Amino acid sequence: MADSLLEMRGIIKEFGGVRALNGINLSVKAGEVVGLCGENGAGKSTMMKVLSAVYPYGTWGGTILWEGRELKATSIRETEDAGIVIIHQELMLVPQLSVAENIFLGREPHGFGGMIDFEAMYSKAATLMADLKMSHINVAQPVAHYSGGERQLIEIAKALSKNAKLLILDEPTSSLTRSETDTLLGIVKGLKARGTACVYISHKLEEIEAIADSVTVIRDGAYVGSEPMRQLTTGVIIRMMIGREMANLFPREDHPIGDVVFEARNVICIDPQNIDRRRVDNVSFQLRKGEILGIAGLVGAGRTELVSALFGCYRGPYTADLYLDGKPITVRTPKQAVAQGLCMVPEDRKAHGIVPELAVGQNITLSVLDHYTRHDLIDEEREMKDIGTAIATMRIKTASPMLPIGRLSGGNQQKAVIAKMLAPHPRVLILDEPTRGVDVGAKYEIYKLMFELVKTGVSIIMVSSEMPEVLGISDRVLVIGEGQLRGDFVNDGLTQEAVLTAAITDLPRAA
Ligand SMILES: Nc1ncnc2c1ncn2[C@@H]1O[C@H](COP(=O)(O)OP(=O)(O)OP(=O)(O)O)[C@@H](O)[C@H]1O
Ligand SMILES: [Mg+2]
């Protein structure tokens, strides 16, 4: 095809004898946005790592034609020079370096005498951030200062500064707010209008629908097909992804709800950077036995801070009076929390959830290692048996329990983190964005699992930015806005509008 920018044909990639990609095709025309869809572990990220030469030429099979010529790149530098720029699923920023240094890492502007021209670098970085409607970011500050969503946009600014002909976005919006997502989609559209093509990977099919010109679907390392978006619906994409129909996305099940088991009173979290600011401003609530309590609100509203305080891991000064069965409990560390029967699956699995170098199995039993230790010996047989059960129930896709968890696909890492937090058999389970980066099929399994848990009397607190999920799964919904509790609703006919209105409406403060 004359207007073809990229043709990947029959791509094969193996890891230690296991085929992750088995003959995948992908074609992108100049200025086209291609959605790449598939379940967790289907091979989307691997495909893009082949393209960008994270896996160099010679370590995979098949052919890549770039602007009509065969591409045999052996380094990322080479593919970037050719105009292929990738933003990886797991962010690659250096937290200690400034925003500007991260953006121009290895490409710093130099002034007279070969010194880095910081002034030029800062001003270019500031312009890029302004284009992303992120002018409030101080480009001289270390990246560590900024939240997950902000870091994602910094990563995007970095990619934009490279003048890509093809921009690859691998799950770019998983930590973005709705308005940040809209900004990003707008930017991709703008780039497209200027002729930049894009491969867009997302589990959020409404984004694919909004932005893709065509969609390529892969399943289990195999090529399923490519279709123009106008001939597709999200239902058809889901069927192509999982190979069957999926009637109900939220498998809500009846379950008894008992008395109050857990209560938090007067939770106050102080901003570690600014002691005059409260990230959580005097929030109190109760949780019943067998209840799923959804916590909704805009990203940045203080939801993660709130649940961190419950789990003893808020990084700043805070107070929280916690009660279990009506008795006060002391939780100042995650270890104390787990000992009291409170477990949490954190939002940022890379920072708090997993040890990437350790095996999948070890990660799962990490929180309960004491449990398998008798006379200082680890009862490996029992541990392996439990690991096997966890992998099977959660349907974690891994070649072996011994594989380092960092090698699993994003969604499968998330399932392993949940398995880890179930190992201590908690009474209260806190899930912060449990389905982030998780495909539709696996989401369904996670919801099913949540219902199984509440039926056994476990109580669940779920923070989620996905409104359909909050409304589809929760028994009750707390709404947080600017650190304050702005609503506590029974989820019976509750609407998205009601939740959003509560989130942005400042309540009169009690004296
Ligand atoms: N370095 C590696 N070593 C061994 N196996 C790997 C490695 N990288 C990926 N895999 C395996 O290849 C398969 C495809 O993984 P990949 O990360 O491409 O999936 P994905 O489609 O991006 O999934 P997700 O939606 O969860 O991000 C998975 O089974 C994964 O475990
Ligand atoms: Mg991936």
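What follows is calculated from the coordinates using simple rules that are stated; it is not laboratory data. It should be emphasised that the depicted structure is a prediction, and the values quoted were computed from it without experimental measurement. Cβ placement follows ideal geometry from the backbone for every residue including glycine, while neighbour counts extend to all protein chains displayed.
Protection proxy ranking, highest mean first, for peptides 160-168, 110-118, 126-134, 229-237: 160-168, 126-134, 229-237, 110-118, where packing is the per-residue count of other beta-carbon atoms within 10 Å, averaged. Here the chain was treated as a single set of alpha-carbon atoms; its pair distances binned every 10 Å from 0 give 4, 18, 28, 27, 17, 7, 1, 0 percent. Label-to-label distance, Asn163 versus Thr456, with points set 7 angstrom from Cα along the beta-carbon direction: 5.9 nm. Of all DSSP bridge pairs formed entirely within the chain, close to 60 percent run antiparallel. A helix-only calculation puts the chain at -9000 deg cm²/dmol for mean residue ellipticity at 222 nm, using -39500 (n - 2.57) for each DSSP H run of at least four residues, averaged over all residues.
Diffusion coefficient (Stokes-Einstein, Kirkwood radius over C-alpha pairs, 25 °C, 0.890 mPa s) for region 194-262: 167 µm²/s, rounded to a whole number. Could you sort out which of Lys385/Lys415; Lys420/Lys455; Lys204/Lys415; Lys133/Lys165; Lys49/Lys72; Lys49/Lys385 sit more than 25 Å apart by Cα distance in this structure? Distance filter (> 25 Å) returns Lys49/Lys385. Calculated FRET efficiency, Tyr323 to Asp254, Cβ-Cβ distance, R0 = 35 Å: about 0.80 to the nearest 0.05. Dividing the convex hull volume of the alpha carbon atoms of region 87-129 by its residue count gives 77 Å³ per residue.
Taking all C-alpha pairs of region 118-248, those more than 24 Å from each other amount to 38 percent. Of all the Cα-Cα pairs you can form in region 219-340, what percent are over 26 Å apart? Pairs farther apart than 26 Å: 47 percent. Using the empirical formula 2.2 N^0.38 Å as the baseline, the Cα radius of gyration of region 285-338 reaches a ratio of 1.20. Translational diffusion coefficient of region 4-240 (Stokes-Einstein, Kirkwood radius from Cα pairs, 37 °C, 0.692 mPa s): 178 µm²/s. At each listed q (0.12, 0.13, 0.16 Å⁻¹), what is the log10 of I(q)/I(0) that the Debye formula gives for region 126-177 modelled as equal alpha-carbon point scatterers? Result of the Debye calculation: -0.26, -0.30, -0.46. Can you give me the angle between helix 410-422 and the longest principal axis of the chain, using Cα atoms only, in degrees from 0 to 90, rounded to the nearest 10? Value to nearest ten degrees: 20.
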